[in-house]
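Inspection log for the structure reproduced underneath, given as structure tokens.
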Amino acid sequence: MLSGGIIINFLDFKIDDSLKEQLSVLENCSRLPHAIIINGGSREKREQAVLLLSMWAVCGESENKPCGKCKACINAGHKNHGDVYFAQGSGKTGSYSVDEIRKINENAYTKANSAPNKVYVFSDADSKLGVIPQNTLLKTLEEPPKNVIFILTTENCKALLPTILSRATVFNIPGGEEYTEEALENARLIVRGIIDPSEIKLLFGSSCLTQRDSALEVLPLVSLIIRDGLAFYSGGKPILDGELAKALAKRLTKSRLIKLIELTEQAIVKINQNVNLNLLATWLCGEYRRISWQK
């Protein structure tokens, strides 16, 4: 991950409040993931997020980035910056070839021309990045170069290989995805169980995770609620549950909240790898308790 104070100036970009809250978590983390997946929403909204992050990565200002005024920001905003590379794809489908990925892998280890970071963008990765190219890119994601950011946009990130998902941070754009009130309440039960002194409440709340469809609906909501708690530190507006956000921020430190988010996303990846769900629920409860209550 790239270190440094992460303060994102959203300028006039059309970024959903939900995504702003998720990205604002970076202010608390003071770090930017080396691999980012912008998932969901419309293609236009995903591309807006890509341009914003690209401008942030190359902006020469030390604070209030991106400034939107320097030459680097202007060029990146017009997709014309030498250190921001948009994968081109080939053929009728515009798929990314293994040869192109290999060239990107090699180029990623060279220094940026003028910017503090280099950026590589793969738009519509869920439909254009095949299994073999993903495995080729994985070699670089496993041992990422310093000051390099990979940004993938997807309509449905679950179409990517679990190994890619496990090495990237997913930021979801609202729009199109729906959840039931039952799933939201189950997510709340799990989060309440995480911060409750008694382990019984967490075990009870996690019973819904033994069914794959339910787990894949509930765990992303758990992650969003925990992100609410992290955003609470910076005075952000909660996405799902303000009361639980306040309770999380009161009970847990920022670093522990970050670990809980990472653990939840790791569990989602494991579910897509077809692990035993009973064992996963037991493991997840234990890890939630360890992170929340260890001294």
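The table below gives the values:
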quantity	calculated
Selection count where residues are in a loop (DSSP other than H, G, I, E, B), crowded, with 16+ Cβ neighbours inside 10 Å, at negative phi and in contact with a helix residue (DSSP H, G or I) (Cβ under 7 Å, 6 or more places away or on another chain), scope region 46-97	8
Residues (open to solvent by 90 Å² or more (accessible area, probe 1.4 Å), assigned to a helix (DSSP H, G or I) and not hydrophobic (A, V, I, L, M, F, W, C)) located in region 203-220	R212, D213
Flag if G82 is within 30 Å of D12 (Cα to Cα), at pLDDT below 95 and either under 24 Å from the mean Cα position of the chain (by Cα) or not aliphatic (A, V, I, L, M) (or both)	yes
Lone qualifier among L189, L184, L284, L279 - being in contact with a helix residue (DSSP H, G or I) (Cβ under 8 Å, 6 or more places away or on another chain) and closer than 28 Å to L161 by Cβ	L284
Filter pass, I200 being surrounded by 22 or more Cβ atoms within 10 Å (Cβ to Cβ), over 18 Å from the mean Cα position of the chain (by Cα), more than 22 Å from N107 (Cα to Cα) and not charged (D, E, K, R)	no
Residue in region 135-145 that is under 13 Å from I36 (Cα atoms) and in contact with a helix residue (DSSP H, G or I) (Cβ under 6 Å, 6 or more places away or on another chain) present	no
Test set (1) among the aliphatic types (A, V, I, L, M); (2) out of contact with any helix residue (DSSP H, G or I) (no Cβ under 8 Å at 6 or more places or on another chain); (3) more than 26 Å from S97 (Cα to Cα) - V131 fails condition number	(3)
Test for V269: is it farther than 16 Å from I190 by Cα, out of contact with any Lys or Arg (no Cβ under 6 Å at 6 or more places or on another chain) and not in a helix (DSSP H, G or I)	no
Checking D126 against (1) closer than 27 Å to K20 by Cβ; (2) part of a loop (DSSP other than H, G, I, E, B), the condition it does not meet	(2)
Options P133, P116: the member that is under 24 Å from A72 (Cβ atoms) and either basic (K, R) or crowded, with 16+ Cβ neighbours inside 10 Å (or both)	P116
Residue match in region 141-161 (condition: open to solvent by 30 Å² or more (accessible area, probe 1.4 Å), touching a residue at least 40 places away in the same chain (Cβ under 8 Å) and touching a His at 6+ places or on another chain (Cβ under 8 Å))	yes
Test result for S255, assigned to a helix (DSSP H, G or I), in contact with a Ser or Thr (Cβ under 7 Å, 6 or more places away or on another chain), among the small types (G, A, S) and closer than 18 Å to E21 by Cα	no
Checklist (1) open to solvent by 80 Å² or more (accessible area, probe 1.4 Å); (2) more than 12 Å from L230 (Cβ to Cβ); (3) in a helix (DSSP H, G or I) applied to K295, failing item	(3)
Single match in E100, E106, E181 (criterion: surrounded by fewer than 21 Cβ atoms within 10 Å (Cβ to Cβ), more than 22 Å from the chain's Cα centre (by Cα) and within 30 Å of E243 (Cα to Cα))	E181
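Conditions tested, residue by residue: (1) within 19 Å of the chain's Cα centre (by Cα); (2) touching a residue at least 24 places away in the same chain (Cβ under 8 Å); (3) within 18 Å of N172 (Cα to Cα); (4) not in a helix (DSSP H, G or I).
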site: L248; (1), (2), (3), (4): no, yes, no, no
site: L263; (1), (2), (3), (4): yes, yes, yes, no
site: N274; (1), (2), (3), (4): no, no, no, yes
site: N278; (1), (2), (3), (4): no, yes, no, no
site: R289; (1), (2), (3), (4): no, yes, no, no
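The values are calculated or read from the model by the stated rules, or taken from the named source; none is laboratory data. Keep in mind the model is a prediction, meaning the values are calculated, not measured. We place every Cβ from the backbone using ideal geometry, glycine too, and count neighbours over all the protein chains shown. The protein model used for the area step is the full one, side chains on, heavy atoms only, and it has no ligands, DNA or RNA in it. Shrake-Rupley method; radii C 1.70, N 1.55, O 1.52, S 1.80 Å.
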